[in-house]
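One structure is given below, encoded as structure tokens.
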Amino acid sequence: MLNPVSNSAIPSYLLAQKSPTLSLLSLPIEIQEEIENWLDFSDQKTLFEAQTTVTHNGDSVDSPALKLHLMQKRVPPKYQQTLISSDASLQAFALNQLKILWKSGQLDQVVERLALFKLLLLLAGDSAIFGFLTDRIQQEPELKRKLLNWVERSKTEEVQPVAANALTLLVKAGVQLNGLDFSQIKVRGADLSYGVFDYTQFEGADLREVNWHRSWLRGVNLDGADLAGVEFDEKSTLETKTGIAKSLYSPDGQWLASLGRNAGIVKLWGVGGTRALAHTYIGHEGPVECLAFSPDGQWLASASWDKAVKLWSVRTGDCQAALSNFAGHVYAVAWQTSPDGATMLVTGGQDKAVSLWRVAHDSGQIGKIRLDWTSWPQGVLNAADALIENVRNLSPQNAALLRQRGAVQAHLSESHS
């Protein structure tokens, strides 16, 4: 017989416990980023302002320095400049810090205070702040000399961050640095955008990740300089002897096809590495109206006023196939992949028909092309799956046309007259 169990032997548990206070900052970074991406700009700004509000016992505290620290810690870098540049308290704080340094004769030390200098760069659009700095540097030769001295010291001393800040500040202040000897300087990450450096020597300099956007670099000497990760924010241009009517990138971005005005010549340029002409496609007898790269980037289709579509190899530059005998100019061509994985080509033009062609290919070579469907049966000949075995007296041209339009069986009795 079982003995009864006393209630005191049964442990007791709380039915409910107070949940810990959760905050966005307690979530994993990737979840925080996902939430931020779902918010529009106004809501993002409100969220970041809430995360960077300084409080003590629930009351707001006016502490720009701590607020800046929280912004740099909690706000993603891509949002920092927008948020900081719209904060009047941080603008006033930065300008006040500069005036304190200036009155004490230590304005050159701003480049040593890395957090403050980063704030100044984020406030680069503030005319009051950079107007103050520009006036001081332009009016006080000694300040300019001290900043240049930091750049000079970087040649032999480990002062790279400060030297980069000093050179950045000189450029932002509009100081022209033409013809100077900056060989062997170390200014990694400096912002030298819009700087003027004509005929300046940068031999052997560490210029990694420097921003050269719209700088003047006439006659500079960069022999032996380290330019890894530099930013010019411009791309070299492709020079042609004729005007460009149309251009098109390949799906992988490695090739650029271009058309000249009123010409049947197509050019293919390599743009993935060295920008240079790769192939010139010649074969159309009229202006080319449209270009299209295949989804895998192996072929380029061109549609022309000569009533033909040609398929060119991107790799070899040869014409691998042609669709001709259209009833008029061909104005449009495009590629697509069918649900069954087949490569399809779509054409349209003066014949008022949209036609779908099935393109067979293997190992980079185009095989048979046959008409799969057309929007207007009377517009083009459609011989899909027509049986033409043992027909007689068929000219080679018509035999090729029938095969192109989908006829089956290759045993044709072709006349050679």
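The values are calculated or read from the model by the stated rules, or taken from the named source; none is laboratory data. This is a predicted model, so every value here is computed, not measured. Because the Cβ atoms are built from the backbone with ideal geometry, glycine has one as well, and the counts that use them run over all protein chains shown.
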Quiz item: Which of the residues that make up region 316-342 are among the β-branched types (V, I, T) and under 13 Å from L300 (Cα atoms)?
Solution: T316, V333
Self-check item: Selection from region 114-139 of residues that are free of Cβ contacts under 8 Å to residues at least 24 places away in the same chain and over 17 Å from D191 (Cβ atoms)
Solution: S127, G131, D135, Q139
Practice problem: Return a yes/no flag: does region 322-329 have any residue that is of a type in the set (S, T, N, Q) and part of a strand (DSSP E or B). | Solution: no
Practice problem: Could you give me the residue pairs with C-beta distances under 6 Å whose first residue belongs to region 158-174 and is over 18 Å from E140 (Cβ atoms), whose second residue is of a type in the set (K, R) wherever it lies, and which are 6+ apart or on separate chains? | Solution: V159/R153; Q160/K186; Q160/R188
Quiz item: Within region 175-190, which residues are without any contact (Cβ under 8 Å) to a residue 24 or more places away in the chain, closer than 20 Å to F130 by Cβ and not hydrophobic (A, V, I, L, M, F, W, C)?
Solution: Q176
Quiz item: Checking N262 against (1) modelled with pLDDT of 85 or more; (2) part of a loop (DSSP other than H, G, I, E, B), which test does it fail?
Solution: (1)
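Every residue, every condition in (1) crowded, with 16+ Cβ neighbours inside 10 Å; (2) small (G, A, S), yes or no:
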| residue | (1), (2) |
| --- | --- |
| Q298 | yes, no |
| A301 | yes, yes |
| K307 | yes, no |
| W312 | yes, no |
| A321 | yes, yes |
| N325 | no, no |
| W335 | yes, no |
Self-check item: Residue check, A245 modelled with pLDDT under 85 and not in a loop (DSSP other than H, G, I, E, B)
Solution: yes
Exercise. Among the residues of region 103-153, write down those that are of a type in the set (K, R) and closer than 23 Å to L207 by Cβ.
Key: K118, K144, R145, K146, R153
Quiz item: In the list Y331, Y281, which residue meets the criterion of being within 20 Å of I244 (Cα to Cα) and surrounded by fewer than 19 Cβ atoms within 10 Å (Cβ to Cβ)?
Solution: Y331
Exercise. Consider T343 carefully, then state whether it is closer than 19 Å to F293 by Cβ, exposed (fewer than 13 other Cβ atoms within 10 Å of the Cβ) and of a type outside the set (D, E).
Key: no
Quiz item: Taking region 369-402 as the search range and keeping residues that are part of a strand (DSSP E or B) and within 22 Å of L345 (Cα to Cα), which one is modelled with the highest pLDDT?
Solution: I369
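Matching residues to (1) at pLDDT below 90; (2) crowded, with 17+ Cβ neighbours inside 10 Å:
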site	(1), (2)
I100	no, no
V111	no, yes
L116	yes, yes
S127	yes, no
Quiz item: Which residue pairs have Cβ atoms closer than 7 Å, lie 6 or more positions apart in sequence or on different chains, and pair a first residue in region 191-205 that is crowded, with 16+ Cβ neighbours inside 10 Å with a second residue that is assigned to a strand (DSSP E or B) and of a type in the set (A, V, I, L, M, F, W, C)?
Solution: V196/W216; F197/W216
Quiz prompt | Unique match (being modelled with pLDDT of 90 or more, more than 29 Å from the chain's Cα centre (by Cα), of a type in the set (D, E) and assigned to a loop (DSSP other than H, G, I, E, B)) among D306, D351 | solution = D306
